[in-house]
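Only one structure is covered here, and it is reproduced in the block below.
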Amino acid sequence: MKRTISIIGANVAGVAAAETLRSEGFDGRIVLLSNEPTLPYERPPLSKEGLNPGSSGPVPLQDEAFYSLQDIELRTNTSVMSIDCSRRRLIQIDGSELPTDQVILCTGASVRRLNVPGAALEGVCYLRTYDDAVLLADYLGRVEHVVIVGMGIIGAEVAAKARALGCRVTAIEASGWPLSRALGRIAGELLINHHLKRGLALRLNTCVSRFVGEDGRVRAVETTEGERLPADLVLVGVGVIPNDVVARQAGVAVDNGVVIDGLCRTSVPDVYAAGDVANQVDFFGQRQRHENVACAREQGVMAARAILGMNVDCRPIPASWTDQFDMNIQVLGRISEGTVIARRGEVESGQFSLFYLRGGILEGAVSVNSPRVASGARQLIASGWRGDAGLLSDEAVDLRRLRA
Amino acid sequence: MNETMSNESPVRLCSVHEVEPDFPLPVVIEGMPPIAVYRIQDQFYATDNLCTHGQALLTDGCQQEGIIECPLHGGAFDIRSGQPTASPCRVVLKTYPVLQDGDDLFIASVAD
């Protein structure tokens, strides 16, 4: 009998795991299970180009031929209900069983939903899947008043798109520092100013108290400050929660996601995890659940290698980007307030980079419209670069030349 | 000059000394897409400079020997073949044959 490896979740982590199993020479059976109807697709474009009117279909991670060529059994529209570890079987929602020797949990995360009166009204939207993006794009083309709940990256990307389409947009944010969790305070403030200049109305330190509807459709948002904001469409972007139900049921240790070690192993033998659902110690020694594509992909690759007996620890370095207005912003490594910040370029110029150093070691960078700097910084962070912060600030220095 | 290029006039890219190992040179030629010129040891190569995935110039990225990494999303290509070697890059990068004549580097002008 050939060995079978099942991958639950056909997202970037799951597909990377399947690809890697094959590229590293695994000749057994690979079953890739997706609970969505389409070919596995890229999620980052969903909140960017994917919201443009008439956008055509999701961007596939691989074309259809890839899966047959690589002999990867892709099963779409398939939900796994549980793992029977003792009998080595996956139980699918229709009751059918799939014998499996090992499992990689790539079950991802789901949007955190608001639990306030009116939350079920039509026009209260979230953004995570391709279907979500289609619905949102359709609304954006025909509504006037848009309210964004949560000014993080997703909220800001949708706000930018809505303004570009001529909608009146108000964002409400629970904290006093919109975008700062993702970008740090300096870059967060810059980006918010761009939004404000382009007509975004912003309410800080404010939450939703309820949604007000008419004929089942949302019409207004009432805030905790007592304000009533007109709304034909609400986009809620208040984070995600890990999809850990299957893991829990299988007795896998869970603590803000599925807890995995450096080899992507869970607490249960032969069960591995990767991607947004996984909680792992990162490059900086911090245990956390990463919610970015770069880490998800790396964990997928490394889980596959580990399952094949390659003994290399996965210690992902976070990396993410956002494209808004005329700005490409890249966030690399760990950025934390209270670390030494070196700056290259003037913030006002719209083309600059910030470097975050701790104990003289470069840990993170935020780079705005400076891909070359970002590219150099990425390598320096990975190499644990320590040196004169003046070199980082000096625009005459090509960071790529500092690498060892 | 190479005979196979006889139908099209070769286009000058740059001088040999302008291209350092691991530091690709961006070259803009009228009527052509932006070009990246690479040196790997003592050999020279050319590809399109725009990443096939996102709107990025590969010459802003990091070259390590025969691999160029895109500066935006971490994808990468084999410089010699144009084959993607790291996701999210999937589409093959166009490569151009490079000719050396003394201190100068040329590619064939490409109609398509």
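The values are calculated or read from the model by the stated rules, or taken from the named source; none is laboratory data. Note that this is a predicted model, so its numbers are computed, not measured. Please note: Cβ atoms are built from the backbone with ideal geometry, for glycine as well, and neighbour counts cover all protein chains shown. Please note that ligands, DNA and RNA were not included when accessible areas were found on the heavy atoms of the full protein model with its side chains. Shrake-Rupley method; radii C 1.70, N 1.55, O 1.52, S 1.80 Å.
In sequence order, the stretch B:72-88 has phi-based couplings of 8, 10, x, x, 8, 9, 7, 5, 6, 9, x, 5, x, 10, 8, 5, x Hz under the Karplus curve 6.51 cos²θ - 1.76 cosθ + 1.60, θ = phi - 60°, and Gly or Pro positions carry x. Between the amide H of B:CYS14 and those of B:LEU105, distances stay under 5 Å, these residues lying 5 or more places away or on another chain, with hydrogens modeled in the peptide plane.
What FRET efficiency, computed as 1/(1 + (r/R0)^6) with R0 = 60 Å and r the Cβ-Cβ distance, is obtained for A:GLU337 and B:SER9, rounded to the nearest 0.05? List each step's numbers first, then the result.
Numbers: r = 58 Å, r/R0 = 0.97.
Computed FRET efficiency for A:GLU337 and B:SER9: 0.55.
When A:MET1, A:MET327 are compared by accessible surface with a 1.4 Å probe, the order from highest to lowest is A:MET1, A:MET327. Taken along its principal axes, the alpha carbon cloud of the stretch B:18-65 reaches lengths of 28, 22, 13 Å, longest axis first.
What area, in nm² and to one decimal, does the C-alpha convex hull of the stretch B:23-112 cast on average over all directions? Display every interim value, and only then the final one.
On the way: hull surface 22.3 nm².
Average of the hull's projected areas for the stretch B:23-112 equals 5.6 nm².
Excluding the sites themselves, what is the longest stretch of chain A that contains no GluC sites (Glu not before Pro) in a DSSP loop with at most 12 other C-beta atoms within 10 Å? Write out the running numbers ahead of the final one.
Details: sites that count: A:GLU144, A:GLU225, A:GLU337, A:GLU346, A:GLU395.
The segment A:1-143 is the longest one with no such site.
Adding -39500 (n - 2.57) for every DSSP H run of four residues or longer, then dividing by how many residues the protein assembly as shown holds, sets the calculated 222 nm ellipticity at -5500 deg cm²/dmol.
Over all pairs of distinct alpha carbons, what does the Kirkwood formula give as the hydrodynamic radius of the stretch A:88-154, in Å?
Values: mean 1/r = 0.0639 Å⁻¹.
Mean inverse Cα-Cα distance, inverted, gives 15.6 Å.
When the Cα gyration tensor is reduced to axis lengths a ≥ b ≥ c, the ratio a/c is 1.5 or higher for the stretch A:102-193, and with a/b not above b/c it is classed as oblate.
Positive end of the dipole of chain B (Cβ unit charges, origin at the Cα centre): among B:LEU13, B:HIS53, B:GLY31, the Cα lying farthest that way belongs to B:HIS53. Spin-label pair B:ALA86-A:ASN256: with each label point 7 Å from Cα along the Cα-Cβ axis, the two points sit 2.7 nm from one another. The dipole here belongs to the stretch A:31-80: it is taken about the Cα centre, uses +1 on the Cβ of Lys and Arg and -1 on the Cβ of Asp and Glu, and is about 200 debye.
If you take every residue apart from B:ILE67 with its C-beta less than 11 Å away from the C-beta of B:ILE67, what net charge results, scoring Lys and Arg +1 and Asp and Glu -1? Please report the intermediate quantities before stating the final value.
Values: positive: B:ARG80; negative: B:ASP22, B:GLU65, B:GLU69, B:ASP78.
Once all neighbours under 11 Å are counted, the net charge is -3.
Provide, for q = 0.07, 0.08 Å⁻¹, the log10 of I(q)/I(0) from a solvent-free Debye sum over equal Cα point scatterers in the protein assembly as shown. For the protein assembly as shown at q = 0.07, 0.08 Å⁻¹, log10 I(q)/I(0) is -0.43, -0.57.
For A:LEU202, the residues 5 or more places off, or on other chains, whose built amide H falls under 5 Å of its own are A:ALA171. What is the log10 of I(q)/I(0) for the stretch A:357-404, computed with the Debye formula using one identical point scatterer on each Cα and no solvent, at q = 0.21, 0.29, 0.32 Å⁻¹? Values, matching the q order: -0.64, -1.28, -1.51. Length available on full extension from A:ALA396 to A:SER267: 0.36 nm per residue minus the Cα-Cα distance, which gives 41.5 nm. Normalised by the number of residues in the stretch B:25-73, the mean separation of alpha-carbon contacts (under 8 Å, six or more apart) gives a relative contact order of 25 percent. Whole-Hz Karplus values for the stretch A:370-385 come out as 9, x, 5, 5, 4, 4, x, 4, 4, 6, 5, 4, 5, 8, x, 4 Hz, taken residue by residue from phi with 6.51 cos²θ - 1.76 cosθ + 1.60 and θ = phi - 60°; glycine and proline positions read x.
Just add up the charged neighbours of A:ASP313: K/R +1, D/E -1, any other residue whose Cβ is under 13 Å from the Cβ of A:ASP313.
On the way: positive: A:ARG265, A:ARG305, A:ARG315; negative: A:ASP261, A:ASP282, A:GLU298.
That works out to 0.
Here the protein assembly as shown is assigned +1 on the Cβ of each Lys and Arg and -1 on the Cβ of each Asp and Glu. Its dipole about the Cα centre then comes out at about 1580 debye. Whole-Hz Karplus values for the stretch A:183-200 come out as 10, x, 5, 5, 5, x, 5, 4, 5, 4, 4, 4, 4, 5, 4, 8, x, 5 Hz, taken residue by residue from phi with 6.51 cos²θ - 1.76 cosθ + 1.60 and θ = phi - 60°; glycine and proline positions read x. Given their separation in residues at 0.36 nm each and the Cα-Cα distance between them, A:GLN70 and A:SER110 gain 11.5 nm when the chain is fully extended. Does the stretch A:261-361 come out rounded, prolate or oblate, given a ≥ b ≥ c as the square roots of the eigenvalues of its C-alpha gyration tensor, rounded meaning a/c under 1.5 and, failing that, prolate meaning a/b above b/c? Judged from the Cα gyration tensor, the stretch A:261-361 comes out prolate (a/c at least 1.5, a/b above b/c).
Lys and Arg at +1, Asp and Glu at -1: add these up for the other residues within a Cβ distance under 13 Å of A:PHE66 and post the number. Numbers along the way, then the final one.
Details: positive: A:ARG22, B:ARG90; negative: A:GLU19, A:ASP63, A:GLU64, A:ASP71, A:GLU73.
Around A:PHE66, the charge tally is -3.
Shape analysis of the stretch A:1-124 yields a ratio of the Cα radius of gyration to the Kirkwood radius, Rg/Rh, of 1.04.
Using a cutoff of 8 angstrom between alpha carbon atoms and counting only pairs six or more residues apart, the relative contact order for the stretch A:1-128 works out to 30 percent. Here the calculated FRET efficiency for A:ILE241 and A:ASP84, from their Cβ-Cβ distance with R0 = 22 Å, stands at 0.30, rounded to the nearest 0.05.
Summarising the amide proton neighbourhood of A:VAL281: residues at separation of 5 or more, or on other chains, whose placed amide H is nearer than 5 Å comprise A:GLN288.
Can you compute the charge dipole magnitude of the stretch A:95-233 about its Cα centre, using +1 on each Lys and Arg Cβ and -1 on each Asp and Glu Cβ, nothing else charged? Give it in debye, rounded to the nearest 20. Provide the component values of the computation, followed by the final result.
Details: 16 positive and 16 negative charges, 121 e Å.
Dipole of the stretch A:95-233, to the nearest 20 debye: 580 debye.
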